1. Could you please find all residues in the stretch 175-190 being out of contact with any Pro (no Cβ under 8 Å at 6 or more places or on another chain) and outside any helix (DSSP H, G or I)?
2. Counting only residues that are touching a helix residue (DSSP H, G or I) at 6+ places or on another chain (Cβ under 8 Å) and either among the aromatic types (Phe, Trp, Tyr) or assigned to a loop (DSSP other than H, G, I, E, B) (or both), how many does the stretch 96-119 have?
3. Could you tell me whether any residue of the stretch 406-418 is in a loop (DSSP other than H, G, I, E, B) and modelled with pLDDT under 65?
4. Restricting to the stretch 196-221, name every residue that is in contact with a Gly (Cβ under 8 Å, 6 or more places away or on another chain), open to solvent by 30 Å² or more (accessible area, probe 1.4 Å) and not in a loop (DSSP other than H, G, I, E, B).
5. If you check ILE95 against the conditions, is it at pLDDT below 70 and touching a strand residue (DSSP E or B) at 6+ places or on another chain (Cβ under 7 Å)?
6. Here is a list: ASP65, ASP60. Which entry is part of a loop (DSSP other than H, G, I, E, B), open to solvent by 20 Å² or more (accessible area, probe 1.4 Å) and on the phi < 0 side of the Ramachandran plot?
7. How many of the residues making up the stretch 222-266 are touching a strand residue (DSSP E or B) at 6+ places or on another chain (Cβ under 6 Å), open to solvent by 30 Å² or more (accessible area, probe 1.4 Å) and assigned to a loop (DSSP other than H, G, I, E, B)?
8. Tally time: how many residues in the stretch 337-361 are open to solvent by 50 Å² or more (accessible area, probe 1.4 Å), touching a helix residue (DSSP H, G or I) at 6+ places or on another chain (Cβ under 7 Å) and among the hydrophobic types (A, V, I, L, M, F, W, C)?
Amino acid sequence: MKYTFLIVDGDNGEEMVPMLQASFPVDDISVIITGESEQGLRYISDYHPSVILYDMCLADMKGTDFLSSAKKIDHSISVIMTTACGNVNDAIETIRHGAFDYLIKPPDAEMFGQLLRKAMECNILSRRVRYIPTSQHLDESELDENVMIGSSPKLMEIWKLVGRIADNDATVLIEGESGTGKELLAKAIFSHSNRNKKPFLAINCAAMPENLLESELFGHEKGAFTDAHQRRIGKFEHCNGGTILLDEISEMSLSSQSKLLRVLENQEFERVGGNEVIKTDVRVIASTNTNLQETVRKKLFRIDLYHRLKGINIHLPPLRDRPEDIPLLIDLFCRIFSAKYGKPVSGVSIKAKEYLNSYPWAGNIRELKNVIASAVALAHGEIIRLEDLTQILPETTDSFDRNRKIDDYYAYFVSFLENKVDSCHKEKFSLLYQDVYKGLEKATIELALKKYGNNQVQTAKVLGMSRNTLRNRIERYRLEEKI
C-alpha cells in the first residue's frame, strides 16, 4: 500500500522531503508539495493524503484556519504543524483544535520518522474504524449503531492512544459513565490488534451471581455443583488467543477477583470443581462506570488487581463534556432509524436541535440513541420537531431553558458544599465527591422508582441505564425495602 504525504511549506519542503524519504522506503510513499495553503486544501480533496505537514509561518492563512478547513474535507487526516518562526503558542493552540502534533524546524531526524509513522498509523486506524465527523460519509450499507463518530479533541486523543496500544497485549481499564461507549471502544482496540482473527467475548460481571460468573469465566467440571451434569468450557478457555471484555468489573466478587488476578499474572486457572491447571493466552480489557479507587478503599475490590488492571487507563468523557459531537450523533441516529423503521426522516428542526444540544444526557450516547429512535418512530413528517419530543423527554414545549436550570442547581450545590469543602482535608476530597455523587444518584433512583410505580423497565429507560445496572444500584443502595 502506498501512502501519500502532503507538504504545505514556504521552503517547498527542502528540509522535510529528504528526511521523509530517509524515513520510509521510496516505493511506499508519494509526496505532494506546495507553498500555498489554498492549493494544499485542493490537494486534500484530490489526493486524500494520509499525513499533512503544514508550515505555520505561511502568511496566506492562519494555521488554525487551515486545520479547520482540512478537517472538514477529511476528518481522519493527520495534520502535523511545523514552525521555524518561533510562534510555538500558535502551534499548541492547533493541537487543541485537532492537529496530530507539531514540530519545531529543523526536527531531529529519528523523532521525525517516529512521529510520521504514528501519524500514519492513526490515519489508518481512523479510516478502518470509521471514526468520522458526519454520517454523510457512510453509504446505506455501512449504517449501524456501532460506528464511532465524533470530532471532539478529547476523543481524538483517545483515538491516538488506541492506535498506540492496539497491537500490544497490555491490560486496559476503560472508565466512563454508563452509555459512553466503553464496549464499543473495547471492540475497536480488539479489531485493530493482532488478535482480531480470534474470538472477542464481552461478559457483564453485574448481570449474574458469583457462582454463575465463575462458571461462565472459568468453566466447571461435572458434579461441581447442582445441575452441573457435564463439563463446561469457560470463556477464558474458549477465548484462547483472543480478547475478553469484563464489563462492570467493580461488581465482581472478591473470590472471582482472586482467580482473575491469577489469570492476569500467570495466564492459568482451574475450572470450578476441578484441579487441572489450564493455560490460556487472553488479553483482558476491563470497564467500569464507578470509581475503582473508592471501591478499593471500601475493601470491595482488591488493590493488587486494581493496579494490575491499570496497565493502560482510558477515561471516556460523558456526552455533556463533548457537546460538539451531539449534532453528529443526532444525524447518524436519524439515518439509522429512518432506514430501520421505513420513515422518511432526514433530520431535526432548529428548535429541536437546540433542545437536544442543551440537554444534559445523563444516559449519554445510549440515552440519545433511544430518544432519536423513539422520535423517528413517532414523527409525522420528514423533520423531527420539538413537539415530537414531548412524549419522550420532559419540558420541551417552550424551548426549555436547560442552561438556566443547570445554573440554579449549580448555585444550590455551591451553597450546600461550600462549608464542607472548606473544612475537608485534601486527602479526603475524593471521598466527599463520591459521597455527594452517590447520595444524588440514590435519591434520583429512589424518586424515579416511586414516580413510575416501581416499574424497573420504565425507570431504567428514563434514567438512561440498563435494567441490570438499575438492579445493581437498587441492591447497592438497599432500596429493595422501598420497592
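The values are calculated or read from the model by the stated rules, or taken from the named source; none is laboratory data. All values derive from a computational prediction rather than experimental measurement. Cβ coordinates were reconstructed from backbone atoms using ideal geometry, including for glycine residues, and neighbour counts include every protein chain displayed. Side chains are part of the model used for accessible areas, which takes the heavy atoms of the whole protein and leaves out ligands, DNA and RNA. Shrake-Rupley method; radii C 1.70, N 1.55, O 1.52, S 1.80 Å.
1. Scanning the stretch 175-190 gives GLU175, SER178, GLY179, GLY181.
2. Residues in the stretch 96-119 being touching a helix residue (DSSP H, G or I) at 6+ places or on another chain (Cβ under 8 Å) and either among the aromatic types (Phe, Trp, Tyr) or assigned to a loop (DSSP other than H, G, I, E, B) (or both): 7 in total.
3. Looking through the stretch 406-418, none of the residues is in a loop (DSSP other than H, G, I, E, B) and modelled with pLDDT under 65.
4. PHE200, LEU201, GLU216, listed by residue number.
5. Working: at pLDDT below 70: yes; touching a strand residue (DSSP E or B) at 6+ places or on another chain (Cβ under 7 Å): yes.
Against the criterion (at pLDDT below 70 and touching a strand residue (DSSP E or B) at 6+ places or on another chain (Cβ under 7 Å)), ILE95 qualifies.
6. Of the residues listed, the single one that is part of a loop (DSSP other than H, G, I, E, B), open to solvent by 20 Å² or more (accessible area, probe 1.4 Å) and on the phi < 0 side of the Ramachandran plot is ASP60.
7. Residues meeting the conditions: 1.
8. Matching residues across the stretch 337-361 total 1.
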